[in-house]
Amino acid sequence: MDMNYTADELAFRDEVRTFLDEKLPEDIATKVKSFKKLSKEDHQRWQKILAEKGWYATHWPEEYGGVKWTPVQKHIWDEESCRYGVPRSIPFGVNMVAPVIIKFGNEEQKQKYLPRILSGEDWWCQGYSEPGAGSDLASVKTRAVREGDHYIVNGQKTWTTLGQHANMIFCLVRTNTEVKKQEGISFLLIDMNTPGITVRPIITLDGEHEVNEVFFQDVKVPVENLVGEEDKGWTYAKYLLTYERTGLAGIGLSKAALSHLKRLASRRLKNGKPLLEDPTFSQRIAKVEIDLTAAAISNLRIIASVEGGGMPGAESSMLKVKGTEIRQSISDLARRAIGPYALPFVEEEMNLDYEGEFLSDSDAAPLSAYYFNNRKLSIFGGSNEIQKNIVSKMILGL
Amino acid sequence: MDFQLNEEQQMLQDTVARLVRGEYSFEKRLEFSETELGFSADFWRQLSELGLTAVPFSEELGGFGGGGVDVQSVMTELGRGLCLEPYLQSVIFGGGLIGQAGNDNQKEQWLAGIASGELKAAVGLQEPQSFYDLNNVETRAEKNGEGYLLNGRKTVVIGGHCADVIVVSARTSGDTSNADGISLFALTPDTAGVERRTYPTIDGAKGCDITLNNVHVGADALLGEEGKAADVIEYQTGRAIAALCAEAVGVMEVSNDLTLDYLKQRKQFDVPIGKFQVLQHRMVDMMSELEQARSMAILAASVADSEQSDERRRVLAAAKNVVGRAGQFISESGIQMHGGIGMSWEYNFAHYAKRLIGINHQLGDDDFHLEHYASLLQAS
């Protein structure tokens, strides 16, 4: 048993810190740390910096421009980048469709798409969920019918995160209605600029435009955009979901959010004293910090087992549940910390370039909206109920 | 023992229910919320024409001297519609403070108008440093000739943006957290030095922050005895808490109905998701929480107009604590069981969920009331 980093790992951590000290734009870090809105341009600017360093694609083989990090190195990166306020990478291209293309795509697809993901030329979004296919993803109905050199796609996707910025979408489509639902699904890459595609915003309860509906009406997609074999898409979809699940626990994000909460609680007053010294509130913070400590060690144990050649399995589902509950508790406490100021909803104060007077202060402005937004954590990436089903089936054998 | 409403109370509740059903569709509410006023002037007029704005006031003022249970009947129905009108702020809280503390002239000046709905009152008791403690007052009122000079800031004054009169607390003596030395003033917002910054709230209503910069008011603005307002504030806050709890019950009822409908309609894995036991149990928990909250709202209504006592204080603190916790549980569980749809602005559930959280930030959250209750615990 040794819970310390090796000398090499410590050296890597120093390298990460030096890089972030030098290269992370301050305005972007400030936005991330205070839960302000990031623009498409912010994401692209940071992605370029990462790509120049060769640190953008950490899951890819080196031959495609990836960097070979060990699980511990990835963990160090995650911890440090959250601490520094590095924007969460938009996963749909680099961490979702790319691993599928690398594993199941043909050479032509690899040559075409991977460099464009690295360079930021393509912004991908995910066409998985449909109005009738959420937890039961395999029941997707969006239909793709082969006609000569093309598929004709008709249907609707929903909850498409940042689809408004995307020029490419990877979709689960139904190519066969005669077989079991899992066996008639294909994995299609679709150019968002193809005629017949309409993107409609879904505004969420916090007033945010983050997700979209995407409609397909007689959309012509060249057959070379099919990944792997027709009707085998469910296998690729599941492979992708395991990538999606890693990192959903968000331990690093929770640590950063907890520091933010403690700073907040040291400045807000109750009975003339900082909230951090208030018995009730400090116990609430202490409880979530203790839970986070435990979850962080669980996370490390999973990482260490992968490092030793093991496979992360249903344990990551357990960690997703715990991790998202912790993140939600922290945003609940942040909202509680501002007391009556949780009520005002002043959208302009949530932008970093707001120059007017703050109702309370810059910290307080986004916290209610952020709390509501974070309700998504226990819903997306497989709802926490679905994760528990996975654990009870795969680990407990129930 | 009888928990049924009597005939008049039932009629009152039915009247409000009919009005809300007819006038307050979800789509209309979104429209009302986006207007400058932030609610429906027409609906407010109808409340007034039906005598509903006069419910808690005496017969001379056009009311029928309604008590806690009558107010509860109105508030629960307003809660069911997520109504945005300042009924709580004006009729219950503002009217209550003026009614208890005001002299005959002041009552004549304000109460008939508030009871008829012609005038709207709002209440400014919170300050940037006060958190939920209403005895924590830094705003100063200094004697100035015949009247007073007010300086300070009042924050998150719901309905303050459209109020004809705002009841504010200010310190005439004592230190920031002294109960002694707090006075109440009836302030008209057009008085020189009163500055309002209006904003929407997370749950769709409107409020404002009020800066008082050398605001000169006459002696006739002082409500009640100088420096002795803490008891009045505490008592009327209690009435407002009871009313807010009743509103919360209405919000929870609809939240649960919507969630239950969804569990029956939404199919995944070829069955309604309500067939899954884990969701069934969560729905049962939501129902139990609602019933706990309903019981406490009834108890709160029963003491709202009784004489002040530690027992009344305990009941009201307990009610707001239960309602705060139940509201958050129902809000979060409902969103979870709806999935993404529950977070969508275009679907009504999300707005019920937000109101339930909003209620926990009005008049003290569950932690605040837990501490208050603990401080009043009886030894045996």
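Structure values in brief
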item: Output for the range A:341-365, where each listed residue is of a type in the set (S, T, N, Q), more than 25 Å from the chain's Cα centre (by Cα) and more than 10 Å from every other protein chain (Cβ to nearest Cβ); result: A:SER362
item: Test: residue in the range A:232-244 that is part of a loop (DSSP other than H, G, I, E, B) and not assigned by TED's automatic domain parsing to the domain that holds A:ALA314; result: no
item: Qualifying residue in the range B:61-81 (condition: touching a helix residue (DSSP H, G or I) at 6+ places or on another chain (Cβ under 8 Å), assigned to a helix (DSSP H, G or I) and of a type in the set (Ser, Thr, Tyr)); result: yes
item: Residues located in the range A:16-31, provided they are loosely packed, with under 14 Cβ neighbours inside 10 Å and either over 21 Å from A:LEU352 (Cα atoms) or over 23 Å from the mean Cα position of the chain (by Cα) (or both); result: A:THR18, A:ASP21, A:GLU22
item: Condition check for B:GLU127: part of a loop (DSSP other than H, G, I, E, B) and either at pLDDT 95 or above or charged (D, E, K, R) (or both); result: yes
item: Criterion (of a type in the set (A, V, I, L, M, F, W, C), more than 14 Å from chain B (Cβ to nearest Cβ) and closer than 30 Å to A:ARG336 by Cβ) met by exactly one of A:LEU264, A:LEU269, A:LEU258; result: A:LEU258
item: Selected residue (criterion: surrounded by the most Cβ atoms within 10 Å (Cβ to Cβ)) from residues of the range B:126-156 that are aliphatic (A, V, I, L, M) and more than 10 Å from chain A (Cβ to nearest Cβ); result: B:VAL137
item: Among residues of the range A:114-140, those that are acidic (Asp, Glu) and touching a residue at least 12 places away in the same chain (Cβ under 8 Å), counted; result: 2
item: Residues being within 14 Å of chain A (Cβ to nearest Cβ) and either of a type outside the set (Asp, Glu) or in contact with a strand residue (DSSP E or B) (Cβ under 8 Å, 6 or more places away or on another chain) (or both) - total across the range B:172-212; result: 21
item: Hey, B:GLY94 buried (at least 21 other Cβ atoms within 10 Å of the Cβ), out of contact with any helix residue (DSSP H, G or I) (no Cβ under 6 Å at 6 or more places or on another chain) and in contact (Cβ under 8 Å) with a residue 24 or more places away in the chain or not; result: yes
item: Only listed residue being of a type outside the set (Lys, Arg) and crowded, with 22+ Cβ neighbours inside 10 Å, chosen from B:LEU78, B:LEU61, B:LEU37, B:LEU50; result: B:LEU78
item: Residue match in the range A:247-259 (condition: surrounded by 21 or more Cβ atoms within 10 Å (Cβ to Cβ), among the β-branched types (Val, Ile, Thr) and not assigned by TED's automatic domain parsing to the domain that holds A:ILE185); result: yes
item: Residue that is surrounded by the fewest Cβ atoms within 10 Å (Cβ to Cβ) [pool: residues in the range B:348-363 that are at the interface with chain A (Cβ under 9 Å from one of its Cβ atoms) and not in a helix (DSSP H, G or I)]; result: B:HIS361
item: Hits in the range B:294-347 (condition: over 20 Å from the mean Cα position of the chain (by Cα), more than 9 Å from every other protein chain (Cβ to nearest Cβ), assigned to a helix (DSSP H, G or I) and of a type in the set (Gly, Ala, Ser)); result: B:SER333, B:GLY334
item: Given (1) touching a helix residue (DSSP H, G or I) at 6+ places or on another chain (Cβ under 9 Å); (2) more than 30 Å from B:VAL168 (Cβ to Cβ), index of the condition B:ASP261 fails; result: (1)
item: Those residues of the range A:202-219 which are within 23 Å of A:LEU188 (Cβ to Cβ) and surrounded by 15 or more Cβ atoms within 10 Å (Cβ to Cβ), in sequence order; result: A:ILE202, A:VAL211, A:ASN212, A:GLU213, A:VAL214, A:PHE215, A:PHE216, A:VAL219
item: From A:SER368, A:SER378, residue being buried (at least 23 other Cβ atoms within 10 Å of the Cβ), among the polar types (S, T, N, Q) and at the interface with chain B (Cβ under 10 Å from one of its Cβ atoms); result: A:SER368
item: Residue check, B:ALA192 surrounded by 20 or more Cβ atoms within 10 Å (Cβ to Cβ) and hydrophobic (A, V, I, L, M, F, W, C); result: no
item: Subset tally (residues that are over 17 Å from A:ASP332 (Cα atoms) and out of contact with any His (no Cβ under 7 Å at 6 or more places or on another chain)) for the range B:314-329; result: 6
item: Some residue of the range A:3-23 being touching a residue at least 40 places away in the same chain (Cβ under 8 Å), of a type in the set (Ser, Thr, Tyr) and touching a Leu at 6+ places or on another chain (Cβ under 8 Å); result: no
item: Scan of the range A:118-162 for residues that are outside any strand (DSSP E or B), of a type in the set (S, T, N, Q) and over 22 Å from A:HIS43 (Cα atoms), ordered by number; result: A:SER129, A:SER135, A:SER139, A:THR142, A:THR158
item: All positions within the range B:182-197 that are over 22 Å from B:GLY95 (Cα atoms) and in contact (Cβ under 8 Å) with a residue 40 or more places away in the chain; result: B:GLY193
item: Given (1) without any contact (Cβ under 8 Å) to a residue 60 or more places away in the chain; (2) over 16 Å from B:LEU84 (Cβ atoms); (3) not basic (Lys, Arg); (4) not in a loop (DSSP other than H, G, I, E, B), index of the condition B:ALA17 fails; result: (1)
item: Qualifying residue in the range A:169-179 (condition: surrounded by fewer than 17 Cβ atoms within 10 Å (Cβ to Cβ), over 19 Å from the mean Cα position of the chain (by Cα), of a type in the set (Val, Ile, Thr) and under 25 Å from A:ASP136 (Cβ atoms)); result: yes
item: Output for the range A:325-359, where each listed residue is closer than 18 Å to A:LEU205 by Cβ, in contact with a helix residue (DSSP H, G or I) (Cβ under 7 Å, 6 or more places away or on another chain) and without any contact (Cβ under 8 Å) to a residue 40 or more places away in the chain; result: A:ASP332, A:ARG335, A:ALA342, A:LEU343
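Let's see how each residue does on (1) out of contact with any Leu (no Cβ under 7 Å at 6 or more places or on another chain); (2) crowded, with 18+ Cβ neighbours inside 10 Å; (3) in a helix (DSSP H, G or I):
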{"position": "A:GLU63", "(1), (2), (3)": "yes, no, yes"}
{"position": "A:VAL72", "(1), (2), (3)": "yes, yes, yes"}
{"position": "A:SER89", "(1), (2), (3)": "yes, yes, no"}
{"position": "A:GLY93", "(1), (2), (3)": "yes, yes, yes"}
{"position": "A:VAL100", "(1), (2), (3)": "no, yes, yes"}
{"position": "A:LYS110", "(1), (2), (3)": "yes, no, yes"}
{"position": "A:ARG116", "(1), (2), (3)": "yes, no, yes"}
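The values are calculated or read from the model by the stated rules, or taken from the named source; none is laboratory data. Remember, it's a predicted structure, so these values are computed and weren't measured experimentally. Ideal geometry is used to build each Cβ from the backbone, glycine not excepted, and the neighbour counts take in all protein chains shown.
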